[in-house]
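Enquirer: Have a look at the structure that comes next, please.
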Amino acid sequence: MSETSATTEGDSVSALSVDFSHTARALFSVGSVDDTLARVLDLAVATIEGCDLAGLLLVDGDQLTTPAHTDIVVADLNAFQYRGGEGPCLDAIRENLIIYADDLADDVRWPRFGAEATDRGVRSLLALPLFADGSIGVLSLYAHF
């Protein structure tokens, strides 16, 4: 390894360390759980390329809730999934899989959800299942056209 690449690698690790430190400080300084969830979603939108909207879906007994979201469109799309029994977030929970849809207008897995999402200006999404301490949920990241 050359001195230049070692320096560049060291700089990258140092920068990443600083980024994590700032993120941790931001998350722990917000206070309540709701504030922390909101901050996590805001950071997702701010730091993940292509992410325009984000939300958290949680399973609470036999109920599905959206306790945090960056835009009402996310809550509305989650509610649409609950009512219709169809959608990527539900599949992420049921199958314990990361679900990605590049173009919801043409995705045959969820025809009703895809039409609803594209009508609301959402084109793609990434649904990440979350399982921790007996809680089940999905972090959903949405992108516009």
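Enquirer: So how do 37-45, 130-138 stack up, highest first, on mean other-Cβ count within 10 Å?
Expert: On the way: 37-45: 17.6, 130-138: 13.0.
Taking the mean over residues of other Cβ atoms within 10 Å, the ranking is 37-45, 130-138.
Enquirer: Can you pull the Kirkwood radius for the stretch 27-145, inverse mean 1/r over Cα pairs, to one decimal in Å? Please report the intermediate quantities before stating the final value.
Expert: Working: mean 1/r = 0.0702 Å⁻¹.
When all Cα pairs of the stretch 27-145 are included, the Kirkwood radius is 14.3 Å.
Coordinate-derived values only; no laboratory data. All figures in this text were calculated on a predicted structure; none of them were measured in a lab. Glycine gets a Cβ as well: all are built from the backbone with ideal geometry, and neighbour counts include every protein chain shown.
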